[in-house]
Amino acid sequence: MTIKINFNTHLENLKNQDAEVYDAVISEIKRQENTLELIPSENIVTSAVMETQGSVLTNKYSEGYPGKRYYGGNEFIDKTETLAIDRAKKLFRADHANVQPLSGAIMNIAAYFAILETGDTILGMDLGHGGHLTHGHPITHMAKVFNFVGYKTETDKDGIIDYDKLEAQAIECKPKLLLAGFSAYTKTLDWKRFKEIADKVGAITMADVSHIGGLIAANVLENPLDFGFDIMTTTTHKTLRGPRGGLILCKEKYAKAIDKSIFPGLQGGPLEHVIAAKAVAFKEADTPEFVEYQKQVLKNSFAMAKGLMDNGVTLVTNGTENHMCLLDLRPQDIKGKLVEKVLDDLGICTNKNSIPDDTASPLNPNGLRIGVPVITTRGLNETDCNLIGKLIAQVITNIENESIHKQVAEEVAVLCKQYPLYVE
């Protein structure tokens, strides 16, 4: 679904009132238009989502929940938030939904505090092996509150999770919460096995599906709630293609604890303009067009992985089963920071990323992470994505060849012009 907005008209008031901010926004529009955005945690929202987020709903203070507000005048706010709740529950087949989390970090922290006591053990994916900061990295404040134990992937087995080892680790550390989810793992997760392991040790199950929430909503990938998971969290701005924010889904037995944990536990007044935009995105996700979009995301991801591997680039897990690829740059003896910078100069936006058991600094790691949600939204197909994989491989294997770089930049420009994003 290509986004078409005439920003010259849309931003007229901003242009007249604040030229500096206006110039920055226009520059970002041009950057998005002339760049192949391959950061897997990004997407492009529809005009309806953007308009809703920029609506008068931003003016209202709405502490509390529908029908139980601490301020008057919320009858229409209650309507939009209730729509968001009902649509999220339907979309993900959930007993309960909380649509107020301001971010992915907040939603995960709120879930922890809803079901755990200080010092309880959480068994989650190690950040260095594809997990997320909120899954227990020592640098986070949550690591001071809960006892996080990290499970790892098998670097000698294509970087996959060994579920037998995971089970043994769970039996040993006896977690109160078994957390499944990732930010840089390119295989599908075995939700059934996770639930069996959790049941064996008496743990609560939680899935953080922030990266694949849209794929799950479209039933292109399996839904952990269908396997009996207690809690599922997802951001709304990645594959789900909505506004920036978070969403918590859970069994009815945890509903009151989750709601109380968000408000008044962690947040004050919710961003009701964002919540209304979430409602719009959830309605969009419940359409045949969205299902086709997510199917194309997978086709494009597989095609890009093939283009990379066929041209000499190594992928962690030897491919992909979702919307992203994780590149191992050690065979070329270069670092992710350099590749990210060179590609950015050529019009391809990526992000450096650690690989499992990376010996290099997270600020200059041995890997690169790329994904296809944005370019799929723009309309690119498998042929285009295979070509992009080939172009990236050419840059990686010719990192100092300016002639190759120039050719790549020219082909990127052609693709950007072929698939316009915004109206001039």
Output row, site residue 200, 7 Å Cα→C-beta label point, backbone N cut-off 14 Å, window the range 120-163, residues 162-163
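Determine, from the Cβ-Cβ distance of residue 344 and residue 145 and an R0 of 30 Å, the FRET efficiency 1/(1 + (r/R0)^6), rounded to the nearest 0.05.
Rounded to the nearest 0.05, the efficiency is 0.20.
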Under the helix-only model (-39500 (n - 2.57) for each DSSP H run of 4 or more, divided by the residues of the chain), the mean residue ellipticity at 222 nm, to 500 deg cm²/dmol, is -13000 deg cm²/dmol
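If you restrict to DSSP beta bridges whose two residues both lie in the chain, what percentage is antiparallel, to the nearest 5?
For the chain, the DSSP antiparallel bridge percentage is about 55.
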Across 20 Å bins beginning at 0, the whole-percent shares of Cα-Cα pair distances in the chain come to 26, 57, 17, 0
Checking 267, 32, 17 against a Gaussian network model of the chain (alpha-carbon springs below 10 Å), the top fluctuating residue turns out to be 17
Using alpha carbon positions and the Kirkwood radius, the Rg to Rh ratio of the range 275-346 is 1.14
For residue 154, the residues 5 or more places away or on another chain with a placed amide H closer than 5 Å to its own amide H are 159, 160, 161, 162
A student asked for the Cα radius of gyration and Dmax of the range 251-300 in angstrom ought to give 16.0, 43
Scattering profile of the range 153-305 from the Debye formula, Cα beads only, expressed as log10 I(q)/I(0) at q = 0.13, 0.16, 0.20 Å⁻¹, is -0.70, -1.02, -1.34
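Using a cut-off of 13 Å between beta-carbons, work out the net charge of the residues near residue 265 (Lys and Arg +1, Asp and Glu -1, residue 265 not included). Working shown, then result.
Numbers: positive: 256, 260; negative: 63, 259.
It works out to a net charge of 0.
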Rg from C-alpha atoms of the range 56-285, normalised by the globular rule of thumb 2.2 N^0.38 Å, equals 1.00
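For the range 88-224, give the share of DSSP beta bridges that are antiparallel, in percent and rounded to the nearest 5; count only bridges with both residues there.
15 percent
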Fewest to most Cβ atoms within 10 Å: 416, 385, 173 sort as 173, 416, 385
Once normalised by the length of the range 56-285, the mean sequence separation of its alpha carbon contacts under 8 Å that are 6 or more apart gives a contact order in percent of 29 percent
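Could you line up 261, 27 from fewest to most neighbouring Cβ atoms inside 10 Å?
Going from sparsest to densest Cβ surroundings: 27, 261.
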Per the range 266-424, sqrt(5λ) over the Cα gyration tensor eigenvalues, sorted largest first, in Å, gives 30, 21, 16
Extension length gain for residue 418 and residue 26 (0.36 nm per residue less Cα distance), in nm, is 139.1 nm
Here D for the range 1-133, in µm²/s, from Stokes-Einstein with a Kirkwood Rh over Cα pairs at 20 °C and 1.002 mPa s, works out to 112 µm²/s
Between residue 240 and residues 5 or more places away or on another chain, the pairs with built amide H atoms under 5 Å apart involve 213, 214
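None of the figures in this text is laboratory data; all of them are computed from the coordinates on show. The structure displayed is predicted, hence computed values, not measured ones. A quick note on method: Cβ atoms are made from the backbone with ideal geometry, for glycine too, and the neighbour counts reach across all protein chains shown.
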